[in-house]
1. Among the residues in segment 513-521, are any part of a loop (DSSP other than H, G, I, E, B) and of a type in the set (D, E, K, R)?
2. Every residue in segment 402-422 that is surrounded by fewer than 19 Cβ atoms within 10 Å (Cβ to Cβ) and in contact with a Gly (Cβ under 7 Å, 6 or more places away or on another chain), please.
3. Kindly provide the set of residues from segment 402-418 that are within 14 Å of the ligand (Cβ to nearest atom) and either of a type in the set (Lys, Arg) or free of Cβ contacts under 8 Å to residues at least 24 places away in the same chain (or both), ordered by number.
4. Which of the residues belonging to segment 238-276 are surrounded by fewer than 20 Cβ atoms within 10 Å (Cβ to Cβ), among the β-branched types (Val, Ile, Thr) and at pLDDT below 95?
5. Under 6 Å between Cβ atoms, which residue pairs at least 6 apart in sequence (or on different chains) link something in segment 272-286 that is closer than 17 Å to Pro17 by Cα and touching a residue at least 24 places away in the same chain (Cβ under 8 Å) with a partner that is assigned to a helix (DSSP H, G or I) and of a type in the set (Ser, Thr, Tyr)?
6. Which of the numbered conditions does Asn421 fail, given that it passes all the others? Conditions: (1) touching a strand residue (DSSP E or B) at 6+ places or on another chain (Cβ under 7 Å); (2) within 16 Å of the ligand (Cβ to nearest atom); (3) not basic (Lys, Arg).
7. Can you name the residue in segment 456-469 that is within 25 Å of Val303 (Cβ to Cβ), more than 11 Å from the ligand (Cβ to nearest atom) and of a type outside the set (D, E, K, R) and, of all such residues, is modelled with the lowest pLDDT?
8. Quick check: anything in segment 364-385 farther than 30 Å from Ala120 by Cα, more than 16 Å from the ligand (Cβ to nearest atom) and either modelled with pLDDT of 85 or more or surrounded by 15 or more Cβ atoms within 10 Å (Cβ to Cβ) (or both)?
Amino acid sequence: MSSPLFPPAARDSGALPDGVVGEPWLLRVSSRIARDPHDACPTATHLAVRPLLAAAATRPYPAVPVQDFGLGLLMRCLDFIEHHNRAPEDVFAELHRTAGTFGGRDPAAHPALLRWTTEAVTGFLAARTAQQARDRDAGLPPTRPEAGEWVVRTQRSEDPDHRGARQYELTAWGRRYASDDGRLRDLWVPSPGRPRTDRPDAEKAALANVAAFGEPLHNAPRGRRAPAPNRTAPQNTERARVFGYGGGTGGVHPVADWTAAEAKRRFTEYTAPVFARAAADTTTRRPGPDCVTCKALDGCTTVRRVPNLWGGTSAVPPRKRRSVSVWDLRVHATCPAQYHLTRQLHLDALVPEHPGAVRGRAVDAVLNRRHSADTRGPRGCRDLPVAADTAWSAEGYELTPRTAAEATAMLGQHRALCPLNGLHADEEVRVQPTVSCYVPELDVVVLAVPDLLFTRDAGGWVWHETKTASQPLRGDVPLMRAYPQLALGVLMLAAGTTGADPRRSWVEFELLHPTDAAWERLDPGHGPVVDEARDVIASLAEPLLHDTTYAPRPGRECHGCAVRKWCVEGEAHVARRIPTARTADDDGPHAPARPEPTP
Ligand SMILES: [Zn+2]
């Protein structure tokens with residue numbers, strides 16, 4: 001292939017963002033870029049697809065106290081088994097004996113990750129064997145593991161094109177298999193929980209293109225080193241398949257099964273426009289989750305820098321840049337092991353969710369839809385009918401008759417309390433926006449997703465949080481301690497992260513209960529309120545940011561824990577005790593607004 005992988009867009013200005021150095025001529029786009037999340041930062045993406053660019057400022061080599069890539073050991077074990085002909089039992093024995101280091105320099109893995117890996121590798125091998133048996137029955141040839149990474153590359157040109165690019169590469173993360181004649185090629189893409197079923201068309205086509213046209217690359221480029229000029233080995237692929245594998249469940253999901261021509265057609269239709277956009281925009285900045293890996297953060301003037309947000313102390317030795325959300329803080333406070341396994345490694349055994357949590361998400365979904373619906377005329381839910389929203393299964397929520405009745409009653413409570421009731425049409429309303437800031441001395445990106453953020457009365461911003469609960473508001477726990485998202489809202493408004501004047505802004509809290517409701521207001525311009533918020537966040541964030549072991553803290557939450565099956569202490573705790581129903585007075589933290597960035 002000598003033409004660019006995707007079509008021309010607006011001419012690249014050629015200027016690098018402040019604080020970024022290196023060579024822009026190599027464009028390497030992974031299939032993951034095709035997911036194109038709504039809160040992606042165009043500048044961060046533009047830099048992410050140019051592997052020879054880097055931040056100018058050098059940082060100390062960060063300490064990684066435990067292995068922080070959940071799928072890394074799965075791939076390592078499968079490499080030993082598939083490419084070095086080692087027996088699985090032998091590999092598993094070494095995995096556990098060396099705590100996942102295999103004698104190398106990598107940090108040790110969390111004990112639960114070792115157990116997850118053993119199970120996930122065993123399930124993967126069984127799934128591959130079952131697929132091979134189905135193929136045999138269908139008259140298809142066997143496929144064998146391919147060690148070299150598959151990359152679709154264009155010829156390297158002497159002169160840069162309109163993007164400043166001399167070479168394009170398309171990559172996909174996964175495991176590769178091909179028939180001896182090369183006509184059938186498979187790509188298996190593992191995930192830490194269930195196999196992903198929500199990949200957009202652009203990502204499916206990107207994966208299938210690598211399966212169909214990728215060249216086995218035995219000198220795969222690493223880091224910022226430029227790859228060797230390509231050799232051309234045209235593939236004779238007739239059929240390309242992509243399978244998703246869920247390491248947490250052992251499930252397999254067929255992603256694509258196309259002829260090479262069909263894969264190419266779909267790539268042109270769906271993927272190429274997304275990649276062209278990803279490579280083009282060098283000026284738009286959208287602070288948020290992408291700040292964590294962004295090469296331009298040091299020179300970015302759009303992200304809000306807030307030194308001393310809660311008075312935290314830097315980790316010694318320094319760690320990799322991290323993000324922290326209220327969900328992270330709450331999960332870590334409940335159990336550090338659960339935080340590490342679910343929030344950092346994204347492991348998930350998909351245990352059934354607590355009915356109260358499903359109810360809370362269902363109410364959230366209805367409110368978000370209503371609040372997003374009409375921003376022109378009269379606003380708010382005061383005059384909207386409740387009954388129309390009770391077809392919960394149609395919304396995708398499996399509620400019991402009891403929780404469905406509770407959810408409907410909560411929506412009824414909300415009508416009178418809706419913060420948008422009577423709001424003037426000129427005011428700006430954002431539903432579940434990502435609000436972020438950067439704490440430079442901690443190298444931490446703080447992420448928050450308030451339920452509503454809206455302007456009120458010229459210049460002030462209202463940060464509104466809605467919670468659903470089985471119990472009315474308790475008076476014995478301070479509000480911000482019970483709901484730390486309010487404390488973070490206070491700190492972020494006080495720091496002016498939304499561009500707000502703290503003296504004209506406030507945090508609102510709405511608690512919905514089937515027979516009752518509560519409404520509270522917190523003032524970020526009031527010193528004692530800010531001091532209390534700082535104490536609340538510091539008491540949660542400091543243990544998280546300095547944790548190096550993520551030890552389990554067995555307790556009531558073990559009963560509904562999504563990773564307990566890999567946690568010896570959690571299993572022992574549940575086996576010892578008579579199971580008790582969860583009695584928490586709320587539905588737990590809100591699920592993150594953005595899908596996890598996992599393969
Ligand atoms: Zn409303």
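1. Here is the first cut: in segment 513-521, the residues part of a loop (DSSP other than H, G, I, E, B) are 514-515.
Now narrow it down to the ones that are of a type in the set (D, E, K, R): none.
Taking every residue of segment 513-521 in turn, none turns out to be part of a loop (DSSP other than H, G, I, E, B) and of a type in the set (D, E, K, R).
2. The answer is Asn421, Gly422.
3. We begin by selecting, within segment 402-418, every residue within 14 Å of the ligand (Cβ to nearest atom); these are 410-418.
Within segment 402-418, Arg415 is the sole residue that qualifies.
4. Across segment 238-276, the qualifying residue is only Thr249.
5. Ala278/Thr45; Arg285/Thr43
6. (1)
7. Quick first cut of segment 456-469, residues within 25 Å of Val303 (Cβ to Cβ) only: 459-465.
Then drop every residue that is not more than 11 Å from the ligand (Cβ to nearest atom), which leaves 459-463, 465.
Next, from what is left, pick out any that are of a type outside the set (D, E, K, R): 459-463.
Working: Gly459: 74, Gly460: 89, Trp461: 93, Val462: 95, Trp463: 97.
Only one residue fits best here, namely Gly459.
8. no
The values are calculated or read from the model by the stated rules, or taken from the named source; none is laboratory data. What you see is a predicted model, and the numbers here were worked out from it, not measured in a lab. Don't worry about glycine lacking a Cβ; one is built from the backbone with ideal geometry, like all the others, and counts go over all protein chains shown.
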